[in-house]
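Would you mind keeping the following structure in view while I ask a few things?
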Amino acid sequence: MVAPEREPLKGEVEVDEAFVGGRNAQRRGGRDRTGKVLVGVAAEVRGRGTGRVRLSVLQDASAYSLHAFLNDAVDAGTIVHTDGWRGYNTLTEAGFDHRPIKQQWRTEDRKEILPRAHRTIANLKTWLHGTHRSASAKHLQVYLDEFAFRHNRRRVPMAAFQTLLGLGSLHGPTTYRQITHPTALPEPTG
């Protein structure tokens, strides 16, 4: 469901990351992230609403992983709003107009920090739990691509259907290996 010629996000974008995953008997509780997967989210700012989104499974929250995600999802020169995480500190050097927002946890202003990115994360988690009940880490990127496809075309369902038909007719079938190993080369046909 990812068009290879899709354009990167532009204008103003909110970027954050979140852990996605369900219950795990091996977790000790609290902040233990056993069994959870880190997901990066980038959401375009469109007035008070959210424009297009991009989601990706991240190895970790390091500057290297975050930059790779942003270079793939966001156009250079774009205004990028993030929280104060140090992995975002070098975004200006990477060609983005980085505008970090300091979090002050003891004030009511914290509700205003990255509202579009946080709304996208909440909607993703609700969708995963409500529609699919769960998604394994092995297949999570495919679910993220589907969520982004649906979100980005939520106001034009007929265009979404036509786009999906077009993608299906232009591209060969996706193999299980390509789904579970996104960097795998396409298998030869014929």
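The values are calculated or read from the model by the stated rules, or taken from the named source; none is laboratory data. As the structure is a computational prediction, the values presented were derived from the model and not from experiment. Here Cβ is always computed from backbone atoms with ideal geometry, including for glycine, and neighbour counts include all displayed protein chains.
So, of the residues in the range 21-56 that are β-branched (Val, Ile, Thr) and at pLDDT 90 or above, which turns out to be farthest from residue 144 (Cα to Cα)?
Applying the filter and picking the extreme gives 45.
Please state which one of 135, 160 is surrounded by 12 or more Cβ atoms within 10 Å (Cβ to Cβ), at pLDDT below 80 and assigned to a helix (DSSP H, G or I).
160
Listed residues 54, 46, 99; which is closer than 30 Å to residue 155 by Cβ and in contact with a helix residue (DSSP H, G or I) (Cβ under 6 Å, 6 or more places away or on another chain)?
Details: 46 fails: in contact with a helix residue (DSSP H, G or I) (Cβ under 6 Å, 6 or more places away or on another chain); 99 fails: in contact with a helix residue (DSSP H, G or I) (Cβ under 6 Å, 6 or more places away or on another chain).
Just a single option satisfies the conditions, and that option is 54.
Could I ask something else about it? Right, residue 133: touching a strand residue (DSSP E or B) at 6+ places or on another chain (Cβ under 7 Å) and either farther than 22 Å from residue 12 by Cβ or not hydroxyl-bearing (Ser, Thr, Tyr) (or both) or not?
On the way: touching a strand residue (DSSP E or B) at 6+ places or on another chain (Cβ under 7 Å): no; either farther than 22 Å from residue 12 by Cβ or not hydroxyl-bearing (Ser, Thr, Tyr) (or both): yes.
Answer is no for this residue.
Report whether or not residue 144 is closer than 20 Å to residue 7 by Cα and at pLDDT below 85.
Working: closer than 20 Å to residue 7 by Cα: yes; at pLDDT below 85: no.
So residue 144 does not fit the description; no.
It is to be established whether one or more residues within the range 84-91 are part of a loop (DSSP other than H, G, I, E, B), buried (at least 16 other Cβ atoms within 10 Å of the Cβ) and either within 15 Å of the chain's Cα centre (by Cα) or modelled with pLDDT of 90 or more (or both).
For the range 84-91, residues part of a loop (DSSP other than H, G, I, E, B), buried (at least 16 other Cβ atoms within 10 Å of the Cβ) and either within 15 Å of the chain's Cα centre (by Cα) or modelled with pLDDT of 90 or more (or both): present.
I've got another one for you. Being of a type in the set (Lys, Arg) and modelled with pLDDT under 65 narrows it down to one of 106, 99, 116, so name that one.
106
Something else about it: Taking the range 37-92 only, how many residues are free of Cβ contacts under 8 Å to residues at least 60 places away in the same chain and touching a His at 6+ places or on another chain (Cβ under 6 Å)?
Final tally of qualifying residues: 2.
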